[in-house]
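The values are calculated or read from the model by the stated rules, or taken from the named source; none is laboratory data. What you see is a predicted model; the values in this text were computed from it and never measured. No Cβ is skipped: glycine too gets one built from the backbone with ideal geometry, and neighbour counts run over all protein chains shown. Please note that ligands, DNA and RNA were not included when accessible areas were found on the heavy atoms of the full protein model with its side chains. Shrake-Rupley method; radii C 1.70, N 1.55, O 1.52, S 1.80 Å.
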Amino acid sequence: MSVAQAVMNVAEGPGEEAHLSRRFLYYMSLMREVEDRIERKLYRQSKIVGGVYVARGQEAIPVGVGLALEPEDVVFPSHRDLAIYLMRGVGPRQIFAQYMGRIGGLTGGRDGNMHMGDLKLNIVAIISAIGACVPVAAGAALALKYKGTNNVAVCFFGDGATSRGDWHEGINLAAVQKLPLVLVCNNNQYAYSTPIEKQMACANVADRGPAYGIPAEIVDGNDVFAVHEAAQRAVAHARDGLGPYLIECKTFRMTGHSAHDPADYVPKELFAEWEQKDPIRRLLERMLDSGWIAPEDVSRHYDDLRKEVDAAVEWAEACPYPDPATLLDNVYEPRS
Amino acid sequence: MATYLEAIREGIGEEMERDPGVFLIGEDIAVYGGAFKITAGMLDRFGERRVVDTPLCESGIVGAAIGAALMGLRPVAEMQFMDFISCGFDQVVNFAAKCRYRWNAPVPMVIRGPSGGGTHGGPFHSQNPEAWFFHTPGLKVVAPATPYDAKGLIKSSIRDNDPVLFFEHKALYRRVKEDLPAGDYTVPIGKAKVVREGKDLSVITYGSGVHMALEAAEALDREGVSMEIVDLRTLLPLDEDTVLASVRKTSRVILLHEDTLTGGIGGELAARIAEKAFEFLDAPVVRIAAPDTPVPFSPVLEEAFLPNARKVLEKARWLCAY
Ligand SMILES: Cc1ncc(C[n+]2csc(CCOP(=O)(O)OP(=O)(O)O)c2C)c(N)n1
């Protein structure tokens, strides 16, 4: 077992919080490592097909929420929630292959980047149209309730999504029907070039919760513990049959909208300010201060992580492209 | 020399100079200048009142454009990708398209944006959604292939008193260039153009298809076969006369588009040719289009999906040998 995995598997000794913190660290740092590799290396080497949207600085959100879920809870990750896939067992190699349009990606080359899902893992693939996932997640929640499970649907989206009619329709429907739907907004303060004050005239996305008659809370999206606790409250609420719950995670997009966007429209001071609040650095400081991890374990962890990612990239690069003869397959259910 | 992209920008700028009621509305178009930079510099030139950055809301954008048009302004709304027009579908096909017929209210607006594949954009950034609107009476649908036509047609679209959907092919934005005449000119909506005279067969096409056909025509020339190419330029209303004249002249016809086959523009053209030029045909009408699948992401699949000059050439040879 590598140290990277070992950091998660400290069952005894340091206690539950230490254990949780190590799992946070593993997934947050793996997400960052994978995305850095994609954005800062493979994309620049022209090895990536199509667009690249990463979530540097937002890793606490999918990880904090994801670790509050059961495997049977159905997730709708946005394009900035890579860790959700990692937590459900999608390996970095499949993610690299997905980004390279190879057969080994989750969609086998049919779609790219974060447009991927797997019903066996209870992950629904988004479409590009921002916000379209919200009513669909409401429908998944309806089905979970209908079938008598106590599972929840969890829908992730950005601040921009909250301007779409679909967002409002989906939440209102779920609220009226009291569906087990957890809504997680990453308010990273920009939607492409659009700053939050041009996106909405109210101060917070969470201010909209009361308008639909659902609870909503604001949380520091760069504090993984805070996100995790909010997610636990939200999930408990939804599981108890009390209806949807909205969490607004305040965070910041530390990159351009996509790898080709230099983000000249973002004041430089904002990047500097939010760099100080980096969620991984904050987590590590807390772990070291609390003695939940030893400094030498941290560097060994990162060494292991890099090796894991190197091997995954190598695998993906060796992975073939799909066979063009399959182009027409699977528009409909294959005839037996 | 102006690229296709610059030509559109010039055309919009000239119309804004000419008519103070023309304004731009869309996502990321002002400060950022648009995802493809069509509206770069417009904010500095015309100010915030006339270059409006909106929240992320296509139905809102289209609806607001309709409302402003009903009040006598001439909005030019951008879809960041034409794929996302589906998010404003009801506003386009029911509100905008039916005002004049129902209560004689003109809706002089343009919805424009990038469409088309070839950039590995995947299923949601590569579509050619023109046929959805081709089937909607009350709309006009324009799809230029060259910088000259793009500029002349965007200007005509802005001056038009009916709602116009203006499909720009994103793979042409920076790829095609030409010298444009100085000063004001327009290209009429509803007029196709014979872009290459020929006598052995006709290719009727638009947008990216024009460039595929031109490439195939060069190769055919070397084989002693002369291909005529008709660029529709406007899909709705359709310039049937130019299409039928070409068919009557060459008696062999290929209908070519990048959009998927079933329910595409080619089907309607085939029907009109069958109805009105049947006795002039020496061979079956041939369609070349993308197959009936979503636009795949992986380059090898996308290559297999998209029509191209080679596919046109092969069909043309087959047709001439028929
Ligand atoms: C309906 C729709 N319109 C436009 C786009 C183009 N687009 C892609 S992402 C994006 C911004 C999304 O912002 P937000 O929802 O805040 O998410 P973030 O990218 O900040 O995580 C835009 C405008 C789209 N994908 N879908």
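Let me cross-check residue B:1: its accessible surface, 1.4 Å probe, with only protein heavy atoms counted, in Å² to the nearest 10?
150
Provide a list, ordered by number, of residues in segment B:109-127 showing at least 40 Å² less accessible area with every protein chain present than when their chain is taken on its own, using a 1.4 Å probe.
B:124
For segment A:5-151, what relative contact order do you get, as a whole percent, if you take Cα pairs closer than 8 Å and at least 6 residues apart?
Relative contact order, segment A:5-151: 18 percent.
Lys and Arg at +1, Asp and Glu at -1: add these up for the other residues within a Cβ distance under 9 Å of residue A:61 and post the number.
So the surrounding residues net to -1.
When you have a sec, figure out the Kirkwood radius of segment B:2-178 from all distinct Cα pair distances and drop it here in Å to one decimal?
Every distinct Cα pair counted, the radius reaches 15.8 Å.
Reachable lysines from residue B:151, Cα under 17 Å, same-chain residues fewer than 8 places away excluded?
Excluding near neighbours in sequence, the set is B:37, B:140, B:170, B:177, B:191, B:193.
Rg over Rh of segment A:225-306, using C-alpha atoms and the Kirkwood radius, what does it come to?
For segment A:225-306, the value is 1.09.
Tally Lys/Arg at +1 and Asp/Glu at -1 over every other residue whose Cβ is under 14 Å from the Cβ of residue A:148; what's the total?
Its environment carries a net charge of +2.
Among rounded, prolate and oblate, which fits chain A when a ≥ b ≥ c are the square roots of the eigenvalues of its C-alpha gyration tensor, a/c under 1.5 means rounded, and a/b larger than b/c means prolate?
rounded
Counting only residues 5 or more places away or on other chains, whose amide H sits under 5 Å from the amide H of residue A:103 once H atoms are built in the peptide plane?
Those lying under 5 Å, H to H, from residue A:103 are A:321.
Springs between alpha-carbon pairs under 10 angstrom, Gaussian network model over chain B: which of B:179, B:28, B:282 fluctuates most?
B:179
Going Cα to Cα from residue A:277, which lysines come in below 20 Å? Please leave out same-chain ones fewer than 8 positions away.
List returned: A:250, A:268.
Show me, for segment B:228-241, the HN-Hα J-couplings you get by feeding each phi into the Karplus relation (A = 6.51, B = -1.76, C = 1.60, θ = phi - 60°), rounded to Hz, glycine and proline as x.
9, 10, 10, 9, 5, 6, 10, 9, 9, x, 7, 8, 5, 4
For residue B:314 and residue B:251, calculate 0.36 nm times their separation in residues minus their Cα-Cα distance, and state this gained length in nm to one decimal.
20.9 nm
At 7 Å along the Cα-to-beta-carbon direction for both residue A:326 and residue A:120, put a label point, then send me their distance in nm to one decimal.
Going from the residue A:326 label point to the residue A:120 one covers 1.4 nm.
Given R₀ = 25 Å, what would the calculated FRET efficiency be for residue A:127 paired with residue A:47, taking r from the Cβ atoms and rounding to 0.05?
Efficiency, rounded to the nearest 0.05: 0.50.
Could you report chain B's accessible area per residue, 1.4 Å probe, as an integer in Å²?
37
In square angstrom and rounded to 100, what buried accessible area do you get between chains B and A, total over both, with the probe at 1.4 Å?
2500
Tell me the carbon and sulfur percent of the accessible area for segment B:193-321, rounded to whole percent, probe radius 1.4 Å.
53
Taking 0.36 nm per intervening residue step and subtracting the Cα-Cα distance, what contour gain separates residue A:229 from residue A:203 on full extension?
Fully extending the segment from residue A:229 to residue A:203 adds 7.1 nm.
Please work out how much length the chain gains when fully extended from residue B:292 to residue B:101, using 0.36 nm per residue of separation minus the C-alpha to C-alpha distance, in nm with one decimal.
In short, 65.4 nm is gained.
What does the net charge come to around residue B:25 if you take all other residues with beta carbon closer than 10 Å to its beta carbon, with K and R at +1 and D and E at -1?
Counting the neighbours of residue B:25, the net charge comes to -2.
Quick check: at a probe of 1.4 Å, how many percent of the accessible area of chain A sits on carbon and sulfur atoms?
Roughly 51 percent, rounded to a whole number.
Suppose each label sits 7 Å from its Cα in the direction of the beta carbon; what would the residue B:182-residue A:273 distance come out to in nanometres?
Computed distance between label sites residue B:182 and residue A:273 equals 5.0 nm.
Taking residue A:145 as the anchor, which aspartates and glutamates have their alpha carbon closer than 12 Å to its alpha carbon, excluding any fewer than eight residues away along the same chain?
Leaving aside aspartates and glutamates fewer than 8 places away in the same chain, those within reach of residue A:145 are A:73, A:240.
Cα convex hull of segment B:193-321: mean projected area in nm², to one decimal?
Quarter of the Cα hull surface area: 7.4 nm².
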